[in-house]
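S.K.: Have a look at this one.
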Amino acid sequence: MVQKAKILLVDDRPENLLALEAILSALDQTLVRASSGEEALKALLTDDFAVILLDVQMPGMDGFETAAHIKRRERTRDIPIIFLTAINHGPHHTFRGYAAGAVDYISKPFDPWVLRAKVSVFVDLYMKNCQLREQASLLRLQLEGGQPAAGDKESAGLLAELSARLAAVEEQAEALSKQLDESADAAAVATAAHLERKLTGLRRALDALEPGAGSGAGQVPSQN
């Protein structure tokens, strides 16, 4: 069963949260509500999220301050943040949003289709990264057990399974990259490129495990 991604919705107005849920329900992912910056930070302590939709204008801790806290935490600093605002104060206000770590800045009322499409890109990238981490974990277990002998059918079978599963992720990542044209968010393009680099490193390590591949099979390239 494929694990669903979690999307954090942060807004102090219940009607806005309800509207976001209605727009994003078609993605069939897990939507988590937070009615304040403090509540959002608590949710981020225990759960992993694919993307955060963060309202700028909130009483107490506003969106900018909340984003600053998110980016200071090692666990959460790489989670994409999409700012939502009902007020347009001009370029300076927008720049402040990007400076706070946002990957996008959308003014209300927004186009539901556009918002859903943007969120979908980050959900897809998150899911591919989860699959990649799973493949890397299996590969490390294989490496810790040593390079399989040519006649070791069980090890050879595991390598074949790993190779097939990695190939599926590679195919999905390639298809996703083709969808990200020049008009796509720069952060999404950069994340996709980072994913491709990690896939390449993992493929090289897996190929090195094949019988007769040489003495360089004992290391897994960094997945950072």
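S.K.: Would you work out if the stretch 6-120 is rounded, prolate or oblate? Take a ≥ b ≥ c from the square roots of the eigenvalues of the alpha-carbon gyration tensor; rounded if a/c is under 1.5, else prolate when a/b is larger than b/c, oblate otherwise.
M.R.: rounded
S.K.: May I pose another question? With a sphere of radius 15 Å drawn around the Cβ of S36, what net charge do the other residues whose Cβ falls strictly inside it have (Lys, Arg +1; Asp, Glu -1)?
M.R.: Computed value for this residue: -4.
S.K.: Please find the FRET efficiency linking R13 to E196, where r is the Cβ-Cβ separation and R0 is fixed at 41 Å, and quote it to the nearest 0.05.
M.R.: Result of the calculation: an efficiency of 0.55.
S.K.: Okay, next question. Just to confirm a number: summing +1 for Lys and Arg and -1 for Asp and Glu over residues other than P14 whose beta-carbon lies under 11 angstrom from that of P14, what do you get?
M.R.: Residues close to P14 contribute a combined charge of -2.
S.K.: Compute the FRET efficiency between Q57 and R133 as 1/(1 + (r/R0)^6), taking r as their Cβ-Cβ distance and R0 = 35 Å, and round to the nearest 0.05.
M.R.: With R0 = 35 Å, the Cβ-Cβ based efficiency is 0.45.
S.K.: Work out how much length R72 to D28 would gain on full extension: take 0.36 nm times their residue separation and subtract the Cα-Cα distance, in nm to one decimal.
M.R.: Going from the current span to full extension adds 12.9 nm.
S.K.: Could I ask something else about it? Summing Lys, Arg as +1 and Asp, Glu as -1, what charge do residues with Cβ under 14 Å from the Cβ of D47 carry, D47 excluded?
M.R.: Taking every other residue near D47 into account, the sum is +4.
S.K.: Counting only residues 5 or more places away or on other chains, whose amide H sits under 5 Å from the amide H of V51 once H atoms are built in the peptide plane?
M.R.: Result for V51 returns L8.
S.K.: Next question. Evaluate the distance, in nm, between pseudo-label points positioned 7 Å from the Cα of D47 and of V114 along their respective Cα→Cβ axes.
M.R.: So the label points at D47 and V114 sit 2.8 nm apart.
Rule-based calculations on the coordinates, nothing more; no lab input. Note that the structure is a prediction, hence the values are computed from the model and not measured. Glycine also receives a Cβ, built like all others from the backbone with ideal geometry; neighbour counts cover every protein chain displayed.
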